[in-house]
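Take a look at the structure below.
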């Protein structure tokens, strides 16, 4: 039983789907809760976009830290543990801060825009610094930044629409990866 749990924790093919599922559930709860609240659509949309990105990356970061800790404890970790913990923490802190920041976005008209921009940029740039293959995961952060600063209705709808299409594409891609049974390196052909 313990060996199966360890195998589940360190299996990277499951974390992306689990993270996206958590993010979609969080956004569904947010939208259901505030749908008839009278909040401006722009504010609710930005909050949902931030929550999706924050929970997705946050859950993946927690999974990363849990997998590193599990591999370290079982003696199977290959590579420097401090470096892996720095990567996980550099993603976990701003992502969960962004998810929590959703309340500020909902509470005020300006939504503390500077914090929104900084947290989304921090996450997106950190993901890209870890490799260009993270671009699909970083893209929602850039869309969130664009949505936070946009001024036209058409631009806002286009950015929100792109965020939805990207989220669906990421989820479908995660399912393909999940059912492939391959490691990330095998899946990428490395």
**OP:** Please give the number of the condition residue 155 fails out of (1) part of a helix (DSSP H, G or I); (2) closer than 25 Å to residue 174 by Cα; (3) free of Cβ contacts under 8 Å to residues at least 40 places away in the same chain.
**Re:** (2)
**OP:** Within segment 56-71, identify whether any single residue is out of contact with any helix residue (DSSP H, G or I) (no Cβ under 7 Å at 6 or more places or on another chain) and either over 25 Å from residue 122 (Cα atoms) or at pLDDT below 95 (or both), and answer yes or no.
**Re:** yes
Subject >> Number of the condition not met by residue 174 [criteria: (1) out of contact with any helix residue (DSSP H, G or I) (no Cβ under 6 Å at 6 or more places or on another chain); (2) modelled with pLDDT under 90] >> reply: (1)
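Take the residues of segment 127-136 that are free of Cβ contacts under 8 Å to residues at least 40 places away in the same chain and closer than 22 Å to residue 164 by Cα: which is surrounded by the fewest Cβ atoms within 10 Å (Cβ to Cβ)?
Initially, segment 127-136 is screened for residues free of Cβ contacts under 8 Å to residues at least 40 places away in the same chain, giving 128-129, 131-132, 134-136.
Subsequent filtering for residues that are closer than 22 Å to residue 164 by Cα retains 128, 132, 134-136.
Numbers: 128: 17, 132: 9, 134: 15, 135: 12, 136: 14.
The residue in question is 132.
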Subject >> Some residue of segment 137-144 being over 16 Å from residue 43 (Cβ atoms) and either assigned to a loop (DSSP other than H, G, I, E, B) or at pLDDT below 95 (or both) >> reply: yes
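Being at pLDDT below 95 and closer than 14 Å to residue 51 by Cα is the requirement here; does residue 130 meet it?
no
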Original post:
So is residue 92 at pLDDT 95 or above and out of contact with any strand residue (DSSP E or B) (no Cβ under 8 Å at 6 or more places or on another chain) or not?
Top reply: yes
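The values are calculated or read from the model by the stated rules, or taken from the named source; none is laboratory data. Just so it is clear, the model here is predicted, and its values are computed rather than measured. Positions of Cβ are generated from backbone atoms using ideal geometry, with glycine treated the same way; all protein chains shown enter the neighbour counts.
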